[in-house]
There are 2 protein chains.
Amino acid sequence: MSQYQAPLHDLRFVIHDVLAAEAEFARHGAFADASRDLIDAVLEEAGRFCVQVLAPLNRSGDEEGCRLEEGAVSTPQGFREAYRQFCEGGWTGLTAEPEHGGQGMPEVLGAAVKEMIDSANLSWGMYPLLSHGASEALKHVAEDWQREVFLKPIVSGEWTGTMCLTEPHCGSDLALLKTRAEPNPDGTFAITGTKIFISAGEHDLTPNIVHLVLARLPDAPAGTKGISLFIVPKFKVARDGAVGARNAVACGSIEHKMGIKASSTCVMNFDAAEGYLIGQPNKGLNAMFIMMNTARLAVGLQGLGLIERAYQNALAYSRDRLQMRSLSGAKRPDKPADPIIVHPDVRRMLLTQKAIAEGGRALALYAYLHEDLKQKATDPTARQRADEVVSFLTPIVKGLLTELAVECTYHGLQCFGGHGYIREWGMEQFARDARITTIYEGTTQIQAIDLLGRKIMQQQGAGLRHFLGEIGVFCQAQAGNPALAEFTGPLARHAKDWQALTMEIVQRAGGNAEELGAAAVDYLFYSGYVALAYFWAREVAALGPSHGAGFRESKLATARFYFQRILPRTGLHAAAIRSGADNLMALPDALFAV
Amino acid sequence: MSQYQAPLHDLRFVIHDVLAAEAEFARHGAFADASRDLIDAVLEEAGRFCVQVLAPLNRSGDEEGCRLEEGAVSTPQGFREAYRQFCEGGWTGLTAEPEHGGQGMPEVLGAAVKEMIDSANLSWGMYPLLSHGASEALKHVAEDWQREVFLKPIVSGEWTGTMCLTEPHCGSDLALLKTRAEPNPDGTFAITGTKIFISAGEHDLTPNIVHLVLARLPDAPAGTKGISLFIVPKFKVARDGAVGARNAVACGSIEHKMGIKASSTCVMNFDAAEGYLIGQPNKGLNAMFIMMNTARLAVGLQGLGLIERAYQNALAYSRDRLQMRSLSGAKRPDKPADPIIVHPDVRRMLLTQKAIAEGGRALALYAYLHEDLKQKATDPTARQRADEVVSFLTPIVKGLLTELAVECTYHGLQCFGGHGYIREWGMEQFARDARITTIYEGTTQIQAIDLLGRKIMQQQGAGLRHFLGEIGVFCQAQAGNPALAEFTGPLARHAKDWQALTMEIVQRAGGNAEELGAAAVDYLFYSGYVALAYFWAREVAALGPSHGAGFRESKLATARFYFQRILPRTGLHAAAIRSGADNLMALPDALFAV
């Protein structure tokens, strides 16, 4: 009974007016063909596909789940046909390079499309998501013949890809990885080991599946410096592209999960399976990070998609459900009770979802815009700057939007009361589906360490400097604008505090390494909330007469709600950081239970 | 694979040392027989039953669920046998009056037992929970013959009870209730209507089920002033107790839910079913509130039980799972990696669960102790005071502990990483089961309005005054104790702010009724966190040499964690309250989507 409408209005507002994507592209000599009209047409067509084809399969996919029989996984009814139409529409190659059969469109547009896919059907979206990660790795690291033979069929959608990283004893810690790769006389490798939690590891959407597998060569150094990346197709593929016999890779079982039940999560057994090395020996982690960073941003979009979908349904229900009168007097005396949207706390829950969905959309698309500039800006300095920005924002987009997806799908369900807990209403599925997003592709804890340990400490906070610089320029540019003062004031104060807090942590971590881990998750949230404040201020600044009075009023009220009711969360996170590591580290492990 | 140990050590510490229950009873002339030894023996026996009988049925009950065939509901395998043993052990009547066949033990002990039942198997615990609520209503409102005929078999466990309130169009708003009761010539009533979300409405544990049903008499006033309460048994029962033919009440369907799948949630159709009026006509809401308040505290215990269970498992996993090295150097160089409990953010998640479980236990049992004093203290002034305290704390216990159960089962799952999302590990079930607790027996929003609208505004905050008075006495008594200063200082400041914040809201709500609704949920959280701070300070104050050095260190470190990392959440809630209602009310309903 859950509904979904494509949020085309807000997507266009963010891409064209808030981020001014076309002007950015023009300034950097990129995507000359991606006109406003073309982007709008793509968004509209994608929205139609998501609403008409994918959304109706969401509940049934959850109820039906995937089935494993004799090593073959069946996806739920309708998934194959939807995937066929998706390929026919050219969607699998939307952002891929024309030389690989793609349409060469910007990632920021691909991200907007992906948000809608994830809103409509998160489980179904997992299959193309994994292909996109594998494509990126192949594009950047593979040899020419490998791109010809493996990348092109993935871009066309004829085959899908996977990322085979995790093993039973090693998830976050890839240093413990055990899967082995023995060289064969013909230049291929024999891959042996067990991988778990492999999304799209086995399914019935395509005849072949291209596994990208992390494994150790003989005599490889221990730890993460001894990991290489291999292509292991389900059916063997020769260097000329000829598809041969079944390879020695098999799905041993599929997981029974809390949610994303229509996404097949496989245990994959490699038994001397034939594979090709991609990139340099022992440099597999670099290639893995290409896939991983793509996937991390994509999981942030999953969070966004679920927030949007939960919001749309909670709003519709709150307008419809009659229960009690407004405390300030009946608002609909013609009805037996008022719709619950009159109650302040229902509005708080709705506005939280709205503010996070719309602010989060600007944040995520801004990151993707920098992914485009990183790859396509003509000026190398601009490319490097964009790289630093997107690398800094990736853990924030992933960590913040997935944690807030857990919160917002909670609010959406709560608006429904008891009906929210009943499967047929669909709200509980969003909460269950959201719960994986803070875990896979690196838990929130891993994102936080990546942000603070790698992006701030190791990379001297280059991305943060760019981002703070931008906020400074924005606040200065708006200094004479009284309509913006209620936003730029708190924003500028927060930007200053953000910098100070960062310096404090860096100094403290110098004296005690535990301070970094003790601060990391709160720092991620702190950073995320300030980033959202920046994008909400930009949304208000981007409003003009052409947007219509209702749209302007809606944005302005939501921005105020964000600044007054959500942004103050930063105070809690700053206090937690400043309370230091001792309150976490003092208790000996043995005394956690006495 | 989920484990459970009965937290007997901490339950005894709270009951005997923190709350000094026996001394309180002695002071108020109540429960002379409830000695420390007897209480300990009951706890131990209950713990054994929960661990050995109930806990092993938790996962299988979730997988199997309830089945409805030809109007009859089958509970999962093992549930009937467990219920039989439960009755045989006399547990159904533990806190019931001896004159009704009960054992006359205090509710505070019953609550400790109930926490363990809920940890072990929340779904199974729903069946006795509903009986307990029905018992309380019958005890206080029913006529003698009704108590003889209906209450005694519920106390013995021979029959179970239900609460039939909700209808499809009315959940929170009982004024909309439509079920009708027509008088029959023989003094009984014919009840007609449909009730939904009826827990334990139909099952195979007992041969008869006693439904307590809200309905309207002919010509009853509109709204909540025209609601009466009726006993409607599944099989008719004559005034002499003789069980007769099947009554015209039937289970039309059972709900498919996110969790508590082994608890049957029924649509109950009453088709001129024969019932007896309980209490006065049109005064059904009073009787309903007796059941409801009992049930609200009990749902708070459900939250507590899930937090404890999630914590135990997250702790065991975090000690066992090896992943990465501590940032301050290897802690287990003999192993391939350190156990994840070395990582600060894992500790933060564990300590959050520990601090909420142990502090929440003291809060909940304190409320139940006042339930005992309210019913059994010899002095009427003491009874009234206890009534005001428990009435004030009920929405806090229910609202806070269930919301924190959602948070803490989230943390527990997160500690497990990807394995937390897989059903066989059991952690995701706790998160799903927890999700109903913020909804049923009144949503968090309803609790918050009850707290601020009824307990503060209408009752002039009598309960709050008693509670603040107690905190003041405690802080004064500890004024000379340097070991307590780090806790009593912030506690006294918060108590003062709590009072000021309350006054501010009361004043503001006078000018604008929406301010009450806009503040309510944040006020509930604010109140709850200060209450937990008070109980953590009392836990530290109760520590003595007899508790052992490890126990003392564990409590002290957890109290510090609570005060430094959790209590500051009050700042966020105070800021939200002080930001006022405008940021929630300004946006016209029509502009929530544009």
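General remarks:
- Screening A:L413 against (1) buried (at least 24 other Cβ atoms within 10 Å of the Cβ); (2) in contact with a strand residue (DSSP E or B) (Cβ under 6 Å, 6 or more places away or on another chain) leaves a single unmet condition, (2).
- Hey, A:P380 surrounded by fewer than 24 Cβ atoms within 10 Å (Cβ to Cβ), in contact with a strand residue (DSSP E or B) (Cβ under 7 Å, 6 or more places away or on another chain) and modelled with pLDDT of 95 or more or not: no
- Qualifying residues in the range A:420-455 (those that are over 19 Å from the mean Cα position of the chain (by Cα) and free of Cβ contacts under 8 Å to residues at least 60 places away in the same chain) - the one nearest to A:G171 (Cα to Cα): A:R454
- Cβ-Cβ under 6 Å pairs, at least 6 apart or on other chains, the range A:542-561 side over 18 Å from A:R12 (Cβ atoms), far side surrounded by fewer than 19 Cβ atoms within 10 Å (Cβ to Cβ) and aliphatic (A, V, I, L, M): A:E553/B:L591; A:A557/B:A586
- Within the range A:68-84, being of a type outside the set (A, V, I, L, M, F, W, C) and not in a strand (DSSP E or B) holds for A:E70, A:G71, A:T75, A:P76, A:Q77, A:G78, A:R80, A:E81, A:Y83, A:R84.
Condition check ((1) touching a residue at least 40 places away in the same chain (Cβ under 8 Å); (2) assigned to a strand (DSSP E or B); (3) more than 24 Å from the chain's Cα centre (by Cα); (4) more than 8 Å from chain B (Cβ to nearest Cβ)) across all residues:
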position: A:P333; (1), (2), (3), (4): no, no, yes, yes
position: A:V346; (1), (2), (3), (4): yes, no, yes, no
position: A:K354; (1), (2), (3), (4): yes, no, no, no
position: A:R361; (1), (2), (3), (4): yes, no, no, yes
position: A:D372; (1), (2), (3), (4): yes, no, no, yes
position: A:T378; (1), (2), (3), (4): yes, no, yes, yes
position: A:T381; (1), (2), (3), (4): no, no, yes, yes
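- Exactly one residue out of A:A537, A:A519 is more than 9 Å from every other protein chain (Cβ to nearest Cβ) and part of a helix (DSSP H, G or I): that is A:A537.
- Search result, residues across the range B:433-448 that are facing chain A (nearest Cβ under 7 Å) and within 23 Å of A:T444 (Cβ to Cβ): B:R435, B:T438
- Hey, B:G461 modelled with pLDDT under 95 and crowded, with 17+ Cβ neighbours inside 10 Å or not: yes
Residue-wise test of (1) in contact with an Asp or Glu (Cβ under 9 Å, 6 or more places away or on another chain); (2) surrounded by 16 or more Cβ atoms within 10 Å (Cβ to Cβ); (3) over 23 Å from A:T294 (Cα atoms).
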residue	(1), (2), (3)
A:Q77	yes, no, yes
A:E81	no, no, yes
A:F86	no, yes, no
A:T92	yes, yes, no
A:E107	yes, yes, no
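- Considering only residues in the range B:276-328 that are within 11 Å of another protein chain (Cβ to nearest Cβ), among the charged types (D, E, K, R) and not in a helix (DSSP H, G or I), the one that is nearest to the chain's Cα centre (by Cα) turns out to be B:R321.
- Residue that is modelled with pLDDT under 95, in the same structural domain as B:C415 (by TED's automatic domain parsing) and either of a type outside the set (F, W, Y) or closer than 24 Å to A:A175 by Cα (or both), where the choices are B:S328, B:S318: B:S328
Residues checked against (1) among the β-branched types (V, I, T); (2) under 21 Å from B:E136 (Cα atoms); (3) within 14 Å of chain A (Cβ to nearest Cβ):
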| position | (1), (2), (3) |
| --- | --- |
| B:H203 | no, no, no |
| B:L212 | no, yes, no |
| B:S228 | no, yes, no |
| B:V232 | yes, yes, no |
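- Residue check for B:I449: out of contact with any strand residue (DSSP E or B) (no Cβ under 9 Å at 6 or more places or on another chain), over 30 Å from B:Q323 (Cβ atoms) and either outside any helix (DSSP H, G or I) or β-branched (V, I, T) (or both): yes
- Flag if A:H9 is touching a residue at least 12 places away in the same chain (Cβ under 8 Å), within 14 Å of another protein chain (Cβ to nearest Cβ), within 24 Å of A:G544 (Cβ to Cβ) and out of contact with any Gly (no Cβ under 8 Å at 6 or more places or on another chain): yes
- Every listed requirement among (1) farther than 20 Å from A:L214 by Cα; (2) crowded, with 21+ Cβ neighbours inside 10 Å; (3) free of Cβ contacts under 8 Å to residues at least 60 places away in the same chain is met by A:K152 save one, (2).
- Among the residues making up the range A:383-423, those that are farther than 30 Å from B:T438 by Cα and either charged (D, E, K, R) or outside any helix (DSSP H, G or I) (or both) are A:R383, A:R385, A:D387, A:E388.
- Enumeration of residues in the range A:176-189 that are crowded, with 18+ Cβ neighbours inside 10 Å and over 15 Å from A:G252 (Cβ atoms): A:L176, A:L177, A:A181, A:T188, A:F189
- Condition met for A:A586 (more than 24 Å from A:I356 (Cα to Cα) and modelled with pLDDT of 95 or more): yes
- Where a residue in the range B:198-209 is touching a residue at least 40 places away in the same chain (Cβ under 8 Å) and its partner, wherever it lies, is outside any strand (DSSP E or B) and among the basic types (K, R), with Cβ under 7 Å and at least six apart: B:D204/B:R80; B:L205/B:R80; B:N208/B:K234; B:I209/B:K234
- Selection count, the range A:170-191, where residues are within 14 Å of chain B (Cβ to nearest Cβ) and in contact with a Pro (Cβ under 8 Å, 6 or more places away or on another chain): 1
- Selection of the range A:551-594 for residues being more than 7 Å from chain B (Cβ to nearest Cβ), among the small types (G, A, S) and either buried (at least 22 other Cβ atoms within 10 Å of the Cβ) or over 23 Å from B:S328 (Cβ atoms) (or both) yields A:A559, A:A574.
- Checking each residue in the range A:196-211 for being in contact with a His (Cβ under 8 Å, 6 or more places away or on another chain) and assigned to a loop (DSSP other than H, G, I, E, B) picks out only A:G201.
The values are calculated or read from the model by the stated rules, or taken from the named source; none is laboratory data. Worth saying up front: this structure is predicted, and the values here are computed from it rather than measured. All Cβ positions, even for glycine, are placed from backbone atoms using ideal geometry, and neighbour counts span all protein chains on display.
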